[in-house]
1. Condition (residue is assigned to a helix (DSSP H, G or I) and open to solvent by 40 Å² or more (accessible area, probe 1.4 Å)) applied to the range 371-387: is it met by at least one residue?
2. From ALA145, ALA160, ALA177, ALA200, which residue is open to solvent by less than 10 Å² (accessible area, probe 1.4 Å), in contact with a strand residue (DSSP E or B) (Cβ under 6 Å, 6 or more places away or on another chain) and outside any loop (DSSP other than H, G, I, E, B)?
3. Go through the range 233-253 and give me each residue that's open to solvent by 40 Å² or more (accessible area, probe 1.4 Å) and of a type in the set (D, E, K, R).
4. For the range 209-221, enumerate the residues that are assigned to a helix (DSSP H, G or I), touching a residue at least 60 places away in the same chain (Cβ under 8 Å) and open to solvent by less than 10 Å² (accessible area, probe 1.4 Å).
5. Is at least one residue of the range 93-101 in contact with a Phe, Trp or Tyr (Cβ under 9 Å, 6 or more places away or on another chain), over 25 Å from HIS191 (Cβ atoms) and among the polar types (S, T, N, Q)?
6. Could you tell me whether the range 325-332 includes any residue that is outside any helix (DSSP H, G or I) and at pLDDT below 95?
7. Mind counting the residues in the range 335-358 that are touching a strand residue (DSSP E or B) at 6+ places or on another chain (Cβ under 9 Å) and within 20 Å of VAL389 (Cα to Cα)?
8. Select, from ALA319, ALA296, ALA359, the only residue that is surrounded by fewer than 23 Cβ atoms within 10 Å (Cβ to Cβ), in a helix (DSSP H, G or I) and modelled with pLDDT of 95 or more.
Amino acid sequence: MGPLGEGQSLPYTWRAMTTPLHFPETPRPAPRRPTPLVSQDAADRQTVRIDLAERSYAIAIGSGLLSDPEAFSSLPPGHCALVVSNTTVAPLYLERLEQLLAGRYAQRCSVVLPDGEAYKTWQSLQLIFDALLRNHCDRSTVLFALGGGVVGDMTGFAAASYMRGVPFVQVPTTLLAQVDSSVGGKTGINHPLGKNMIGAFHQPLLVVCDLDTLDTLPERELSAGLAEIIKYGPIYDMEFMAWLEDQVDALRARDRAALAHAVRRSCEIKAAVVGADEREAGLRAILNFGHTFGHAVESGLGYGVWLHGEGVGVGMLMAAELSRRLGLVDVGFCARLQALVQRAGLPLRAPVLDANDNAGRYLELMRVDKKAQGGEIRFVLIDGPGQAVLRSAPDALVREVVDACCAPA
(Lines give C-alpha, C1' and ligand atoms only; values in the text may rest on other atoms or scores of the structure.)
Protein backbone atom coordinates (compact mmCIF):
# COMPACT_ATOMS: atom_id res chain seq x y z
CA MET A 1 0.00 0.00 0.00
CA GLY A 2 1.37 3.39 -0.92
CA PRO A 3 1.55 6.48 1.24
CA LEU A 4 -1.63 8.39 1.97
CA GLY A 5 -2.31 11.36 -0.28
CA GLU A 6 -2.62 14.89 1.03
CA GLY A 7 -5.85 15.37 2.91
CA GLN A 8 -6.49 11.64 3.28
CA SER A 9 -6.89 10.02 6.67
CA LEU A 10 -6.70 6.49 7.94
CA PRO A 11 -9.93 4.47 7.79
CA TYR A 12 -12.14 5.01 10.85
CA THR A 13 -11.87 1.32 11.66
CA TRP A 14 -8.17 1.84 12.26
CA ARG A 15 -8.08 5.31 13.84
CA ALA A 16 -10.75 4.52 16.41
CA MET A 17 -8.87 1.63 17.97
CA THR A 18 -6.24 3.50 19.98
CA THR A 19 -7.96 3.48 23.39
CA PRO A 20 -5.97 1.11 25.60
CA LEU A 21 -7.30 -1.55 27.89
CA HIS A 22 -6.95 -0.54 31.52
CA PHE A 23 -4.86 -2.74 33.78
CA PRO A 24 -4.37 -2.21 37.51
CA GLU A 25 -1.13 -0.43 38.35
CA THR A 26 1.54 -3.00 39.13
CA PRO A 27 5.19 -2.32 39.88
CA ARG A 28 7.57 -3.69 37.30
CA PRO A 29 11.30 -4.02 37.76
CA ALA A 30 13.45 -2.29 35.19
CA PRO A 31 14.03 -4.69 32.27
CA ARG A 32 17.47 -6.03 31.59
CA ARG A 33 19.45 -4.05 29.05
CA PRO A 34 21.13 -6.66 26.92
CA THR A 35 24.28 -6.00 24.97
CA PRO A 36 23.28 -5.50 21.32
CA LEU A 37 23.66 -8.65 19.27
CA VAL A 38 24.92 -6.67 16.26
CA SER A 39 28.37 -5.23 16.73
CA GLN A 40 29.20 -4.46 13.10
CA ASP A 41 28.75 -1.07 11.56
CA ALA A 42 25.18 -0.82 10.24
CA ALA A 43 26.50 -0.25 6.72
CA ASP A 44 28.25 -3.65 6.71
CA ARG A 45 26.46 -6.60 5.20
CA GLN A 46 25.49 -9.22 7.77
CA THR A 47 24.39 -12.77 7.08
CA VAL A 48 22.04 -15.07 8.94
CA ARG A 49 22.00 -18.71 7.86
CA ILE A 50 18.89 -20.86 7.89
CA ASP A 51 19.90 -24.51 8.21
CA LEU A 52 17.65 -26.87 6.26
CA ALA A 53 20.17 -29.39 4.91
CA GLU A 54 20.15 -29.19 1.09
CA ARG A 55 17.60 -26.36 1.24
CA SER A 56 19.74 -24.14 3.47
CA TYR A 57 20.21 -20.52 2.44
CA ALA A 58 21.51 -17.15 3.54
CA ILE A 59 19.65 -14.02 4.61
CA ALA A 60 21.77 -10.99 3.65
CA ILE A 61 21.07 -7.81 5.66
CA GLY A 62 22.58 -4.41 4.99
CA SER A 63 22.44 -1.13 3.10
CA GLY A 64 22.98 -0.73 -0.64
CA LEU A 65 22.47 -4.41 -1.44
CA LEU A 66 20.30 -3.69 -4.48
CA SER A 67 23.35 -2.05 -6.03
CA ASP A 68 25.83 -4.72 -4.92
CA PRO A 69 26.30 -7.70 -7.28
CA GLU A 70 28.17 -9.51 -4.51
CA ALA A 71 24.92 -9.83 -2.55
CA PHE A 72 23.58 -12.09 -5.31
CA SER A 73 26.82 -13.89 -6.20
CA SER A 74 25.76 -17.21 -4.63
CA LEU A 75 22.93 -17.73 -7.12
CA PRO A 76 23.32 -20.47 -9.74
CA PRO A 77 23.54 -19.47 -13.41
CA GLY A 78 20.37 -19.49 -15.45
CA HIS A 79 19.03 -18.20 -18.73
CA CYS A 80 16.05 -16.20 -17.51
CA ALA A 81 15.17 -14.08 -14.49
CA LEU A 82 11.58 -12.99 -13.87
CA VAL A 83 11.14 -10.15 -11.38
CA VAL A 84 7.72 -9.91 -9.73
CA SER A 85 6.87 -6.59 -8.14
CA ASN A 86 3.88 -4.29 -7.60
CA THR A 87 2.71 -0.87 -8.72
CA THR A 88 4.16 0.84 -5.63
CA VAL A 89 7.60 -0.78 -5.47
CA ALA A 90 8.37 -1.25 -9.18
CA PRO A 91 8.82 2.47 -9.96
CA LEU A 92 11.29 2.72 -7.08
CA TYR A 93 13.48 -0.36 -7.40
CA LEU A 94 12.65 -2.55 -10.42
CA GLU A 95 15.09 -0.93 -12.84
CA ARG A 96 17.88 -1.10 -10.26
CA LEU A 97 17.39 -4.82 -9.69
CA GLU A 98 17.12 -5.57 -13.41
CA GLN A 99 20.39 -3.75 -14.05
CA LEU A 100 22.08 -5.75 -11.31
CA LEU A 101 20.82 -9.02 -12.80
CA ALA A 102 21.95 -8.14 -16.32
CA GLY A 103 25.36 -9.70 -15.78
CA ARG A 104 23.90 -13.02 -14.62
CA TYR A 105 20.88 -13.68 -16.83
CA ALA A 106 20.66 -13.29 -20.59
CA GLN A 107 16.89 -12.85 -20.49
CA ARG A 108 15.25 -10.59 -17.93
CA CYS A 109 11.56 -9.91 -17.73
CA SER A 110 9.14 -8.60 -15.15
CA VAL A 111 5.52 -8.57 -14.11
CA VAL A 112 4.00 -5.76 -12.04
CA LEU A 113 1.00 -6.70 -9.91
CA PRO A 114 -1.59 -4.44 -8.29
CA ASP A 115 -0.57 -3.49 -4.75
CA GLY A 116 -2.32 -4.66 -1.61
CA GLU A 117 -3.62 -7.64 0.35
CA ALA A 118 -6.90 -7.49 -1.60
CA TYR A 119 -4.97 -8.68 -4.68
CA LYS A 120 -3.42 -11.77 -3.11
CA THR A 121 -5.66 -13.91 -5.30
CA TRP A 122 -5.77 -16.53 -8.03
CA GLN A 123 -6.24 -13.75 -10.56
CA SER A 124 -2.98 -12.04 -9.59
CA LEU A 125 -1.16 -15.36 -9.43
CA GLN A 126 -2.31 -16.05 -12.98
CA LEU A 127 -0.51 -12.89 -14.13
CA ILE A 128 2.78 -14.41 -12.98
CA PHE A 129 2.09 -17.66 -14.82
CA ASP A 130 1.12 -15.66 -17.92
CA ALA A 131 4.50 -13.89 -17.84
CA LEU A 132 6.41 -17.14 -17.36
CA LEU A 133 4.70 -18.85 -20.26
CA ARG A 134 4.68 -15.84 -22.56
CA ASN A 135 8.47 -15.51 -22.12
CA HIS A 136 9.07 -19.26 -22.61
CA CYS A 137 10.68 -19.59 -19.19
CA ASP A 138 12.22 -22.99 -18.53
CA ARG A 139 13.08 -24.88 -15.35
CA SER A 140 16.32 -22.95 -14.86
CA THR A 141 14.38 -19.68 -14.57
CA VAL A 142 14.80 -17.84 -11.27
CA LEU A 143 11.92 -15.75 -9.93
CA PHE A 144 12.71 -12.67 -7.85
CA ALA A 145 10.10 -11.33 -5.40
CA LEU A 146 10.66 -7.57 -5.17
CA GLY A 147 8.16 -6.14 -2.71
CA GLY A 148 6.42 -6.85 0.56
CA GLY A 149 4.77 -9.94 1.98
CA VAL A 150 2.02 -10.18 -0.64
CA VAL A 151 4.51 -10.14 -3.52
CA GLY A 152 6.79 -12.59 -1.72
CA ASP A 153 4.02 -15.06 -0.89
CA MET A 154 2.60 -15.06 -4.41
CA THR A 155 5.99 -15.24 -6.14
CA GLY A 156 6.97 -18.16 -3.94
CA PHE A 157 3.71 -19.95 -4.67
CA ALA A 158 4.17 -19.38 -8.40
CA ALA A 159 7.72 -20.74 -8.14
CA ALA A 160 6.49 -23.80 -6.23
CA SER A 161 3.86 -24.48 -8.88
CA TYR A 162 5.43 -23.59 -12.23
CA MET A 163 6.78 -26.73 -13.91
CA ARG A 164 6.29 -28.33 -10.47
CA GLY A 165 8.96 -26.17 -8.90
CA VAL A 166 11.51 -23.56 -9.97
CA PRO A 167 13.89 -21.53 -7.77
CA PHE A 168 13.12 -18.08 -6.41
CA VAL A 169 14.77 -15.30 -4.44
CA GLN A 170 13.18 -13.01 -1.86
CA VAL A 171 14.06 -9.30 -2.09
CA PRO A 172 11.77 -7.86 0.60
CA THR A 173 11.21 -4.10 0.63
CA THR A 174 8.97 -3.78 3.71
CA LEU A 175 9.98 -4.21 7.33
CA LEU A 176 7.33 -6.89 7.86
CA ALA A 177 8.64 -8.93 4.94
CA GLN A 178 12.27 -8.54 6.00
CA VAL A 179 11.68 -9.80 9.53
CA ASP A 180 9.06 -12.46 8.86
CA SER A 181 7.32 -13.39 5.63
CA SER A 182 10.41 -13.60 3.37
CA VAL A 183 12.03 -16.18 5.66
CA GLY A 184 10.90 -19.77 6.09
CA GLY A 185 9.34 -20.80 2.79
CA LYS A 186 5.64 -20.24 3.45
CA THR A 187 3.97 -19.20 0.21
CA GLY A 188 0.37 -18.82 -0.85
CA ILE A 189 -2.71 -16.75 -1.53
CA ASN A 190 -5.86 -15.82 0.35
CA HIS A 191 -9.34 -17.25 -0.01
CA PRO A 192 -12.48 -15.24 0.81
CA LEU A 193 -13.12 -17.67 3.68
CA GLY A 194 -9.61 -17.72 5.13
CA LYS A 195 -6.21 -16.03 4.93
CA ASN A 196 -3.25 -17.94 3.48
CA MET A 197 -5.26 -21.14 3.25
CA ILE A 198 -4.00 -22.05 -0.26
CA GLY A 199 -0.27 -22.41 -0.75
CA ALA A 200 2.87 -24.49 -0.40
CA PHE A 201 6.14 -24.71 1.50
CA HIS A 202 8.87 -23.66 -0.94
CA GLN A 203 12.17 -22.31 0.37
CA PRO A 204 13.95 -19.48 -1.45
CA LEU A 205 17.52 -19.74 -2.67
CA LEU A 206 18.43 -16.48 -0.96
CA VAL A 207 16.89 -13.56 0.95
CA VAL A 208 18.33 -10.08 0.38
CA CYS A 209 17.19 -7.41 2.86
CA ASP A 210 18.33 -3.99 1.70
CA LEU A 211 17.67 -1.66 4.61
CA ASP A 212 17.69 1.33 2.27
CA THR A 213 14.30 0.29 0.91
CA LEU A 214 12.78 1.07 4.32
CA ASP A 215 13.42 4.77 3.69
CA THR A 216 10.47 4.86 1.26
CA LEU A 217 8.13 2.88 3.49
CA PRO A 218 5.01 4.76 4.69
CA GLU A 219 4.78 5.22 8.47
CA ARG A 220 1.78 2.94 8.75
CA GLU A 221 3.65 0.12 6.97
CA LEU A 222 6.67 0.63 9.24
CA SER A 223 4.49 0.25 12.33
CA ALA A 224 2.92 -2.88 10.83
CA GLY A 225 6.40 -4.37 10.49
CA LEU A 226 7.19 -3.56 14.11
CA ALA A 227 4.33 -5.84 15.17
CA GLU A 228 6.08 -8.85 13.67
CA ILE A 229 9.30 -7.83 15.43
CA ILE A 230 7.60 -7.38 18.80
CA LYS A 231 6.13 -10.91 18.69
CA TYR A 232 9.60 -12.47 18.95
CA GLY A 233 10.03 -11.16 22.48
CA PRO A 234 7.05 -12.76 24.26
CA ILE A 235 7.42 -16.08 22.43
CA TYR A 236 11.19 -16.51 22.52
CA ASP A 237 13.49 -13.75 23.80
CA MET A 238 12.49 -11.31 26.55
CA GLU A 239 15.92 -9.66 26.39
CA PHE A 240 15.05 -8.69 22.83
CA MET A 241 11.74 -7.30 24.09
CA ALA A 242 13.63 -5.18 26.62
CA TRP A 243 15.87 -3.93 23.81
CA LEU A 244 12.78 -3.05 21.77
CA GLU A 245 11.38 -1.07 24.69
CA ASP A 246 14.59 0.96 24.67
CA GLN A 247 14.82 1.30 20.91
CA VAL A 248 11.27 1.52 19.55
CA ASP A 249 11.55 5.29 19.07
CA ALA A 250 14.80 4.84 17.16
CA LEU A 251 13.18 2.17 15.01
CA ARG A 252 10.27 4.45 14.17
CA ALA A 253 12.81 7.16 13.29
CA ARG A 254 14.47 4.61 10.94
CA ASP A 255 17.80 4.66 12.71
CA ARG A 256 19.91 2.38 10.54
CA ALA A 257 21.81 0.66 13.37
CA ALA A 258 18.59 -0.06 15.27
CA LEU A 259 16.90 -1.42 12.14
CA ALA A 260 19.90 -3.62 11.32
CA HIS A 261 19.82 -5.11 14.80
CA ALA A 262 16.05 -5.65 14.81
CA VAL A 263 16.02 -7.30 11.38
CA ARG A 264 18.96 -9.52 12.20
CA ARG A 265 17.69 -10.68 15.59
CA SER A 266 14.23 -11.35 14.16
CA CYS A 267 15.75 -13.42 11.35
CA GLU A 268 17.98 -15.29 13.81
CA ILE A 269 15.00 -16.31 15.90
CA LYS A 270 12.90 -17.29 12.91
CA ALA A 271 15.80 -19.22 11.38
CA ALA A 272 16.25 -21.18 14.62
CA VAL A 273 12.56 -22.05 14.82
CA VAL A 274 12.16 -22.94 11.13
CA GLY A 275 15.40 -24.92 11.18
CA ALA A 276 13.89 -27.10 13.93
CA ASP A 277 10.40 -27.39 12.42
CA GLU A 278 10.25 -26.44 8.74
CA ARG A 279 6.68 -27.56 8.05
CA GLU A 280 5.02 -26.42 11.26
CA ALA A 281 4.50 -29.82 12.82
CA GLY A 282 4.88 -28.26 16.26
CA LEU A 283 7.38 -25.59 17.34
CA ARG A 284 6.96 -23.33 14.30
CA ALA A 285 3.37 -22.61 15.29
CA ILE A 286 4.67 -20.23 17.99
CA LEU A 287 5.53 -17.77 15.22
CA ASN A 288 1.79 -17.29 14.80
CA PHE A 289 1.42 -15.47 18.13
CA GLY A 290 -1.37 -12.95 17.59
CA HIS A 291 -2.21 -14.31 14.16
CA THR A 292 -5.36 -16.29 15.01
CA PHE A 293 -7.17 -13.20 16.23
CA GLY A 294 -5.35 -11.02 13.69
CA HIS A 295 -6.36 -13.10 10.67
CA ALA A 296 -9.97 -12.94 11.85
CA VAL A 297 -9.70 -9.14 11.85
CA GLU A 298 -8.26 -9.09 8.33
CA SER A 299 -10.75 -11.47 6.76
CA GLY A 300 -13.70 -10.11 8.74
CA LEU A 301 -13.11 -6.51 7.64
CA GLY A 302 -12.07 -7.46 4.12
CA TYR A 303 -8.45 -7.94 3.07
CA GLY A 304 -6.55 -4.68 2.97
CA VAL A 305 -8.72 -2.60 5.32
CA TRP A 306 -6.26 -3.31 8.12
CA LEU A 307 -2.65 -4.15 7.33
CA HIS A 308 -1.47 -7.60 8.37
CA GLY A 309 0.81 -6.18 11.06
CA GLU A 310 -2.04 -4.13 12.52
CA GLY A 311 -4.09 -7.30 12.88
CA VAL A 312 -1.13 -9.08 14.47
CA GLY A 313 -0.55 -6.19 16.88
CA VAL A 314 -4.07 -6.21 18.29
CA GLY A 315 -4.12 -10.01 18.01
CA MET A 316 -1.12 -10.24 20.34
CA LEU A 317 -2.96 -8.16 22.92
CA MET A 318 -6.00 -10.42 22.64
CA ALA A 319 -3.86 -13.56 22.91
CA ALA A 320 -2.05 -12.09 25.92
CA GLU A 321 -5.37 -11.30 27.58
CA LEU A 322 -6.55 -14.85 26.93
CA SER A 323 -3.28 -16.10 28.43
CA ARG A 324 -3.91 -13.96 31.52
CA ARG A 325 -7.43 -15.26 31.97
CA LEU A 326 -6.08 -18.81 31.76
CA GLY A 327 -3.56 -18.00 34.52
CA LEU A 328 -0.47 -18.21 32.30
CA VAL A 329 0.76 -14.61 32.65
CA ASP A 330 0.05 -11.78 35.04
CA VAL A 331 -1.54 -8.41 34.44
CA GLY A 332 1.86 -6.70 34.46
CA PHE A 333 2.97 -8.64 31.40
CA CYS A 334 -0.18 -7.66 29.49
CA ALA A 335 0.29 -4.00 30.40
CA ARG A 336 3.92 -4.12 29.33
CA LEU A 337 3.07 -5.63 25.96
CA GLN A 338 0.27 -3.14 25.42
CA ALA A 339 2.60 -0.22 26.16
CA LEU A 340 5.09 -1.45 23.55
CA VAL A 341 2.41 -2.02 20.92
CA GLN A 342 1.10 1.48 21.55
CA ARG A 343 4.56 3.04 21.22
CA ALA A 344 4.98 1.18 17.93
CA GLY A 345 2.04 3.16 16.55
CA LEU A 346 -0.33 0.21 16.32
CA PRO A 347 -4.05 -0.03 17.18
CA LEU A 348 -4.90 -1.24 20.67
CA ARG A 349 -8.56 -2.17 20.22
CA ALA A 350 -9.89 -4.76 17.80
CA PRO A 351 -12.73 -3.80 15.45
CA VAL A 352 -16.31 -4.95 15.84
CA LEU A 353 -17.02 -7.38 13.01
CA ASP A 354 -20.70 -8.04 13.76
CA ALA A 355 -22.94 -5.68 15.70
CA ASN A 356 -25.31 -8.52 16.65
CA ASP A 357 -22.85 -11.24 17.71
CA ASN A 358 -19.32 -9.91 17.49
CA ALA A 359 -17.68 -12.67 19.53
CA GLY A 360 -19.57 -15.28 17.54
CA ARG A 361 -18.24 -13.82 14.30
CA TYR A 362 -14.67 -13.93 15.62
CA LEU A 363 -15.13 -17.56 16.64
CA GLU A 364 -16.56 -18.42 13.23
CA LEU A 365 -13.61 -16.88 11.43
CA MET A 366 -11.01 -18.40 13.75
CA ARG A 367 -12.32 -21.91 13.14
CA VAL A 368 -11.03 -21.47 9.57
CA ASP A 369 -7.41 -21.37 10.69
CA LYS A 370 -4.49 -23.60 9.80
CA LYS A 371 -3.88 -24.40 13.47
CA ALA A 372 -7.48 -25.51 14.11
CA GLN A 373 -8.09 -29.24 14.51
CA GLY A 374 -11.48 -30.89 14.24
CA GLY A 375 -13.18 -27.49 14.40
CA GLU A 376 -11.39 -26.66 17.67
CA ILE A 377 -9.48 -23.38 17.67
CA ARG A 378 -5.92 -23.56 18.93
CA PHE A 379 -4.23 -20.37 20.05
CA VAL A 380 -0.58 -19.48 20.47
CA LEU A 381 -0.54 -18.28 24.08
CA ILE A 382 2.21 -17.01 26.37
CA ASP A 383 3.07 -19.58 29.02
CA GLY A 384 5.22 -17.21 31.02
CA PRO A 385 7.23 -14.38 29.39
CA GLY A 386 9.52 -15.68 26.68
CA GLN A 387 7.69 -19.00 26.29
CA ALA A 388 4.79 -19.90 24.04
CA VAL A 389 2.35 -22.78 23.99
CA LEU A 390 -0.26 -23.94 21.49
CA ARG A 391 -3.55 -24.81 23.16
CA SER A 392 -7.31 -24.46 22.97
CA ALA A 393 -9.56 -22.41 25.23
CA PRO A 394 -13.27 -22.60 26.08
CA ASP A 395 -15.46 -20.63 23.69
CA ALA A 396 -17.04 -18.81 26.62
CA LEU A 397 -13.63 -17.51 27.70
CA VAL A 398 -12.72 -16.48 24.17
CA ARG A 399 -16.01 -14.56 24.00
CA GLU A 400 -15.04 -12.69 27.16
CA VAL A 401 -11.70 -11.74 25.63
CA VAL A 402 -13.27 -10.52 22.39
CA ASP A 403 -15.82 -8.46 24.31
CA ALA A 404 -13.09 -6.93 26.48
CA CYS A 405 -10.70 -6.15 23.62
CA CYS A 406 -13.00 -4.82 20.91
CA ALA A 407 -13.88 -1.18 20.38
CA PRO A 408 -17.56 -0.30 20.83
CA ALA A 409 -19.62 -0.26 17.64
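1. If we filter the range 371-387 for residues that are assigned to a helix (DSSP H, G or I), which is where we start, we get none.
Scanning the range 371-387, I find no residue that is assigned to a helix (DSSP H, G or I) and open to solvent by 40 Å² or more (accessible area, probe 1.4 Å), so the answer is no.
2. On the way: ALA160 fails: open to solvent by less than 10 Å² (accessible area, probe 1.4 Å); ALA177 fails: in contact with a strand residue (DSSP E or B) (Cβ under 6 Å, 6 or more places away or on another chain); ALA200 fails: open to solvent by less than 10 Å² (accessible area, probe 1.4 Å).
After ruling out the rest, the residue left standing is ALA145.
3. Once the filter is applied, which keeps residues that are open to solvent by 40 Å² or more (accessible area, probe 1.4 Å) and of a type in the set (D, E, K, R), the range 233-253 yields GLU239, ASP246, ASP249, ARG252.
4. To start, the set of residues in the range 209-221 that are assigned to a helix (DSSP H, G or I) comprises 211-216, 219-221.
Filter once more, so that each one left must be touching a residue at least 60 places away in the same chain (Cβ under 8 Å): 211-213, 216, 219-221.
Correct list: LEU211, THR213.
5. no
6. Residues of the range 325-332 that are outside any helix (DSSP H, G or I), as a first pass: 326-330.
Narrowing the set further to residues that are at pLDDT below 95 leaves none.
Checking the range 325-332: not a single residue is outside any helix (DSSP H, G or I) and at pLDDT below 95.
7. Restricting attention to the range 335-358, the residues satisfying the condition of being touching a strand residue (DSSP E or B) at 6+ places or on another chain (Cβ under 9 Å) are 337, 349-353, 358.
Next, only the ones that are within 20 Å of VAL389 (Cα to Cα) stay: 337.
The total comes to 1.
8. Numbers: ALA319 fails: surrounded by fewer than 23 Cβ atoms within 10 Å (Cβ to Cβ); ALA296 fails: surrounded by fewer than 23 Cβ atoms within 10 Å (Cβ to Cβ).
After applying the criteria, what remains is ALA359.
The values are calculated or read from the model by the stated rules, or taken from the named source; none is laboratory data. Because the structure is predicted, anything quoted here is derived from the model rather than measured. When we count neighbours, we look across all protein chains shown, and the Cβ atoms used for this are built from the backbone with ideal geometry, even at glycine. Protein only, heavy atoms only, side chains kept; ligands, DNA and RNA dropped before computing areas. Shrake-Rupley method; radii C 1.70, N 1.55, O 1.52, S 1.80 Å.
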